[in-house]
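Heads up: the structure comes next, in structure tokens.
The values are calculated or read from the model by the stated rules, or taken from the named source; none is laboratory data. Please read these numbers as outputs of a predicted model, since none were measured by experiment. All Cβ positions, even for glycine, are placed from backbone atoms using ideal geometry, and neighbour counts span all protein chains on display. Side chains included, ligands, DNA and RNA excluded: accessible areas come from the protein's heavy atoms. Shrake-Rupley method; radii C 1.70, N 1.55, O 1.52, S 1.80 Å.
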Amino acid sequence: MVHIKAKVLAKIEVAIDIYKLRLSCPKIAASVLPGQFVHVECGKDREFILRRPFSVHRRLGGNAFEILFQVVGKGTRALAEIEKGDILDVIGPLGNGFEVSDTVKNTLLIAGGIGVAPLMFLAEKLFAGKIPFDVLIGCANCKKAVPFDLQNIIKDRVFFATDDGSLGFKGTVTELFLNHLKKNEKPDVIYTCGPKAMLKQVALIAEKHGIACFLSLEERMACGIGACLSCVCKTKSGQKRVCVDGPIFDASEIIWE
Ligand code: FES
């Protein structure tokens with residue numbers, strides 16, 4: 001883990017109010033794993049006391065990486081106003097990462113909204129390791145759909161669900177997941193990230209079908225390094241800190257509220 005000033009190489013609005021920031025930071029890019037996150041100071045002159053956690057979306061060689069974020073409040077609004085050439089204060093890489101067993105032969109990635117962020121990086125790892133995978137992405141409508149950067153290569157394996165049917169399946173991503181299970185070979189493992197209600201549904205369906213499932217939990221975080229307990233979640237082995245014990249958890253371990 002390093003605490004570093006990272007230069008903004010690019011800011012791209014990839015969907016309405018959803019941005020990709022490309023940061024020059026060899027020290028993080030060289031070691032970050034899919035599923036890990038960085039803690040970023042938003043705004044100028046310590047305008048916001050608390051940093052915001054963002055999953056690493058892609059790693060670009062050993063020199064740069066990208067984060068993906070949606071404008072949901074003042075901190076992310078300030079981050080959206082950053083420009084190419086600006087400097088960001090970043091701590092990372094933090095947390096654990098997705099584990100991919102050597103025996104995995106067929107995987108399914110399920111994203112809800114901005115939950116596509118860590119799954120893109122994981123998809124690149126799976127692709128490099130020649131592990132087949134399908135991708136299901138749920139969002140409100142086509143204007144909120146984040147392009148999946150491997151789409152051109154695996155285009156017939158990326159499926160969207162939108163609430164209004166403006167892109168792909170009309171309905172929720174969990175409905176699309178159920179349909180997908182009926183029509184396709186059962187995956188060995190599911191990796192998922194998105195809103196908690198969606199994660200719970202995916203976890204329950206996976207359990208019912210006897211499929212291993214790993215999820216990336218999102219929680220508000222203060223310190224990001226395990227000291228403040230602001231990010232705890234309930235698991236079958238007690239309370240865990242999402243920032244250091246996660247954010248990736250075995251779904252069967254989570255006690256849902
Ligand atoms: Fe402080 Fe996780 S954010 S313990």
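Among the protein heavy atoms of region 3-52, carbon and sulfur supply 55% of the accessible surface, probe 1.4 Å, non-protein parts ignored.
Once neighbouring chains are kept in place and the probe is 1.4 Å, which whole percent of the accessible area of region 211-257 is contributed by carbon and sulfur? After summing per-atom areas, the C and S share lands at 51 percent. Measure nothing but the geometry: give the 0 to 90° angle between the long axis through the Cα atoms of 116-128 and the longest principal axis through the Cα atoms of the chain, rounded to 10°. Helix 116-128 sits at roughly 70 degrees to that axis.
Exposure here means at most 15 other Cβ atoms within 10 Å; with trypsin sites (Lys or Arg not before Pro) in a DSSP loop as sites, the longest stretch of the chain lacking them is 131-219.
Hey, in the chain, which Cys have no second cysteine's beta-carbon closer than 4.7 Å? Cys with no partner Cβ under 4.7 Å: CYS25, CYS42, CYS139, CYS142, CYS193, CYS213, CYS231, CYS233, CYS243.
Convex hull volume of the C-alpha atoms in the chain, normalised per residue: 125 Å³. Judged by the gyration tensor of its Cα atoms, with axes a ≥ b ≥ c, region 61-170 is oblate; a/c meets the 1.5 cut and b/c is at least as large as a/b. Computed extension length for VAL14-GLU175: 55.4 nm, one decimal, from 0.36 nm per residue of separation with the Cα-Cα distance subtracted.
In this label model, THR103 and LYS186 are separated by 1.5 nm, measuring between points 7 Å along each Cα→Cβ vector. Length available on full extension from PHE127 to ASP86: 0.36 nm per residue minus the Cα-Cα distance, which gives 11.5 nm. Charges were assigned to the Cβ only: +1 to each Lys and Arg, -1 to each Asp and Glu. The resulting dipole of the chain about its Cα centre is roughly 160 debye. Looking at region 15-85, the GluC sites (Glu not before Pro) that sit in a DSSP loop and have at most 11 other Cβ atoms within 10 Å of their own Cβ are GLU47, GLU83.
By accessible area, using a 1.4 Å probe on protein heavy atoms only, region 80-163 has 53% of its surface on carbon and sulfur. Angle, helix 173-183 long axis vs. longest principal axis of the chain, Cα atoms, 0 to 90°, nearest 10? Here the helix axis deviates by roughly 40 degrees.
Only lysine pairs 8 or more places apart, or on different chains, with alpha-carbon atoms under 14 angstrom apart are counted in region 160-257, and they number 5.
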